[in-house]
Each structure stands twice: as C-alpha cells, then as structure tokens.
Amino acid sequence: MGTDALDPVIHAPARLRIVATLAALPAGASLSFTRLQDMLELTPGNLITHLRKLEDVGYLKSETTGNGRASRTSIALTRTGRKALHTYTAALRDLITGL
C-alpha cells in the first residue's frame with residue numbers, strides 16, 4: 001500500500017478527528033452535533049463543512065429530529081466510513097513502517 005491509499009477525504013486533520021471520534025463508538029451508535037462539536041472544539045460552521053464532505057462520500061450519516069430549538073442532529077459513522085478509516089490507518093502504518 002502506498003501513499004495513494006491515504007484517502008484525501010479522511011486525511012484532512014478535522015475530518016480525521018471526526019471519523020476517529022465516531023469510530024470509537026460501537027457500530028450504529030451516534031453523537032449529537034453539539035456533543036461532537038464540543039469534543040472536537042470546532043465552530044458550528046467548520047464542523048458542518050467537514051460533516052458535509054464526509055456525508056457526500058458516504059462515510060457518515062446524519063439524522064435530524066424535531067423542529068426549531070427542539071431539533072437534534074445525530075451523526076454516526078457508516079460501515080463504509082469504518083472501512084475507509086481501516087484502509088487509511090493500514091496505509092499510514094505501512095508508510096511509517098517503511099521509513
């Protein structure tokens with residue numbers, strides 16, 4: 001595996017932190033948007049931008065329930081996202097081992 005296996009969608013530091021945080025949860029579990037934002041110390045706009053990129057490639061899914069102030073957005077890593085992180089970390093290990 002070469003550096004070409006380092007998925008550019010995951011490779012961005014904020015997105016790597018998002019995916020790694022969600023991967024630490026049991027499969028199918030989710031975090032609320034505000035909890036994830038607090039954990040990663042990202043602004044709402046910054047987090048939304050990164051979540052959108054990850055969702056566009058199918059690495060995570062989000063679900064919003066309720067309306068207005070009572071709404072809650074939950075974010076979870078998909079099976080595709082878990083596999084992508086596994087591939088990414090394996091490529092990173094191979095790269096480091098080769099040094």
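The values are calculated or read from the model by the stated rules, or taken from the named source; none is laboratory data. From a predicted model like this one, the values you see are computed outputs, not experimental measurements. Each accessible area value is taken on the protein alone, full model and side chains, heavy atoms only, with ligands, DNA and RNA left out. Shrake-Rupley method; radii C 1.70, N 1.55, O 1.52, S 1.80 Å.
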Measure of exposure for ARG35: accessible area at 1.4 Å probe, Å² rounded to 10, is 120
From highest to lowest solvent-accessible area (probe 1.4 Å; ligands, DNA and RNA excluded), HIS50, HIS11, HIS86 read HIS86, HIS11, HIS50
Computed ³J(HN,Hα) along the stretch 57-69: with the Karplus parameters 6.51/-1.76/1.60, θ = phi - 60°, integer Hz and x for glycine or proline, the list is 9, x, 7, 8, 10, 10, 9, 10, 10, x, 10, x, 5
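Which value in Å is the Kirkwood Rh of the chain over different Cα pairs?
Details: mean 1/r = 0.0711 Å⁻¹.
When all Cα pairs of the chain are included, the Kirkwood radius is 14.1 Å.
Could you please put THR64, THR89 in sequence from largest to smallest accessible area, using a 1.4 Å probe?
My answer, sorted largest first, is THR64, THR89.
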Tilt, helix 13-23 to longest principal axis of the chain (alpha-carbon atoms), in degrees rounded to tens, equals 80
Dividing the mean separation of Cα pairs under 8 Å (6+ apart) by the residue count of the chain yields a relative contact order in percent of 39
Summing -39500 (n - 2.57) over every DSSP H run of at least 4 in the chain, dividing by its residue total and rounding to the nearest 500, the 222 nm mean residue ellipticity is -17000 deg cm²/dmol
Sorted list, accessible surface of protein heavy atoms, 1.4 Å probe, largest first, for VAL9, VAL57 is VAL57, VAL9
Per 10 angstrom bin, beginning at 0 and ending with the bin that holds the maximum distance, the Cα pairs of the stretch 34-81 fall in percents of 24, 55, 20, 0
Residue by residue through the stretch 72-88, the couplings from Karplus 6.51 cos²θ - 1.76 cosθ + 1.60 with θ = phi - 60°, in Hz, x for Gly and Pro, are 9, 9, 10, 10, 9, 7, 8, 4, 4, x, 4, 5, 4, 5, 4, 4, 4
